[in-house]
1. Could you state the number of Å between the C-alpha centres of region B:174-215 and region A:49-106?
2. How large is ³J(HN,Hα) for each residue in region A:191-197, as worked out from phi by the Karplus curve 6.51 cos²θ - 1.76 cosθ + 1.60 (θ = phi - 60°), to whole Hz, x for Gly and Pro?
3. Considering only DSSP states other than H, G, I, E and B, which trypsin sites (Lys or Arg not before Pro) in region A:231-310 qualify as loop sites with at most 13 other Cβ atoms within 10 Å?
4. Convert each backbone phi in region A:172-188 into a coupling constant with the Karplus relation 6.51 cos²θ - 1.76 cosθ + 1.60 (shift: θ = phi - 60°), then list the ³J(HN,Hα) values in order as whole Hz, x for Gly and Pro.
5. Across peptide A:276-283, how many C-beta atoms of other chains are within 10 Å of each residue C-beta, on average?
6. How large is the dipole of region A:110-220 about the Cα centre if only Lys and Arg carry +1 and Asp and Glu carry -1, each at its Cβ, rounded to the nearest 20 debye?
7. Quick one: which residues, 5+ away or cross-chain, put their amide H under 5 Å from the amide H of B:Asn25? H built at 1.01 Å from N.
8. HN-Hα J couplings of region A:203-215 from phi, Karplus 6.51/-1.76/1.60, θ = phi - 60°, integer Hz, Gly and Pro as x?
Amino acid sequence: MFNIPDNSLTAMLAVLVVLVIATLIQFYLRKTRPDKDYRELTLRITSWWWIIGLLFLFLAMGTTASIIFFAFISFLALKEFISIVPIRQADRNAAFWAYLSIPFQYYWVAAGWYGMFIIFIPVYLFLLIPMRMVLKGETDGFIKSAGTLHWAAMLTVFSVSHVAYLLVLPDKNTLAGGIGLVLFLLFMTQFNDVSQYVWGKLLGKHKIIPKVSPNKTWQGFLGGMLTITLVAALVAPYLTPMNRIEGLIGGLLISISGFFGDVVISAVKRDLNIKDSGSLIPGHGGILDRMDSLIYTGPLFFHYIYYLHY
Amino acid sequence: MNRLLKIIFVLLIVRPLVLIILGLNIKGREKLPLEGPAVIAANHNSHLDTMALFSLYPLSKVHKLRPVAAADYFLANPLMAWFSLNVIGIIPINRSGTNRKELLFDDCYKALDNGDILILFPEGTRGEPEKISKLKKGIYYLVKERPNTAVIPVVTYGLGRALPRGEALLVPFTCDVAIGDALPPVSTSGELVELLGNSYGQLLKSCLTYHESDQ
């Protein structure tokens, strides 16, 4: 317990320092401007303490604890997803099978069984879900339900499990370990969300896809991309086996795919006429609202680094 | 009812089940009555409805919650009867319609006079999953005799998908609980049913997991 490689420990402390600063700023704002309403900001920061606190706690407890943590995240995300999409009463059993895929998928992760990890949900669950549905025998809306359930498992179980698999890859950068890769991915994904938002607020003018997400602008997207690419190039050698050039491209990949994860989940919510996917995380909305970018950055970053170094 | 047993049940079974396995989107939590006499008039799709309402209350208040439940179902076998009466704290009610109204509600009146919060399901049955059936008029006759009782409409949604009537397999779904404003005083049973129905309609629309196409 608590044997975190040096560079990863430093990165975790740096994140905590950022969080402390954000909390102090929030206290300062509430003191100096009592006329304004900072409740939303306070909620958001409190929730960040919970998210980061729990994540770091489980990462510190070791690989198995971390894998269980990510499995639980998958459970919460899958539950949230299949609760907001319209599925039929007859799909209960098939939905239960989708839940059952979680312990299996994360077992393959824990066992380091790469072949099974990579095909279990795209192949086996893909075939199993319609099998269970057909035994139930309700054909009205069959195609839509089969598609919805499998897509839900791909987004929330398959994608998210890639983050956990980073932990069982062999140590190529012994100063950072598997935790370094997870921190790099999560930090870059989150920092990309923030920088696209900040650049968009500062310079945003030309909308990219106004029908899906009216707040996304080319200025925000490109500003975020530039920021993340540079930061990733700087940080990559400390936390990952990548050199600066590989880190640069990794940052670019995270930035572009993070953007798409965000807008894909936005499109889902727009389709359902809802603003937030849930109310699990006060100030943020649901768990999918927080993880939207990670659904895309996780697998893409994983396969990038897997191709380069493993 | 054994207060300690009920607290243990809520703490160790109800809360983990409702808050972790299921998960709730709650609207209007501040409108929930913490003191009686009050009646929570909820729609009914699942046994989980009562559990969801229990999970919303602080442990110091759960003993105040008294679900009004069908005697023919919950008292059918000795084990279930013991559990329903001593742990859940139900007020059994005879659904057969042979009793006179005063006798029928006798225990309910006693509970209201004791400052309890009754949980009533005016649909009278869990019915078809996720559909609101025709509302019955019992609540009107109940509050007519105790006019100081607040009637609070509550709509739950999704629990009938998680555990519908006649199914043993619980499938996790995030569910909605929407709590409405207390109903104003009424002079006829028809008026109460209409107000309650309208309130249900509005609350249902505010549920995150509800789709028009579900109905």
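1. Cα centres, region A:49-106 to region B:174-215: 32 Å.
2. Using θ = phi - 60°, the values come out as 5, 5, 4, 5, 5, 4, 5 Hz.
3. A:Lys275
4. 9, 10, 5, 6, 10, x, x, 4, x, 5, 4, 4, 4, 4, 5, 5, 5
5. Mean inter-chain Cβ contacts per residue within 10 Å come to 3.
6. Dipole of region A:110-220, to the nearest 20 debye: 460 debye.
7. Under 5 Å from the amide H of B:Asn25: B:Cys175, B:Asp176, B:Val177.
8. 10, x, 9, 8, 6, 8, 9, x, 5, 9, 9, x, 8
A short reminder: the numbers here are calculations on the coordinates, not readings from a lab. If you're wondering where the values come from, they're calculated on a predicted model, not measured in any experiment. Because the Cβ atoms are built from the backbone with ideal geometry, glycine has one as well, and the counts that use them run over all protein chains shown.
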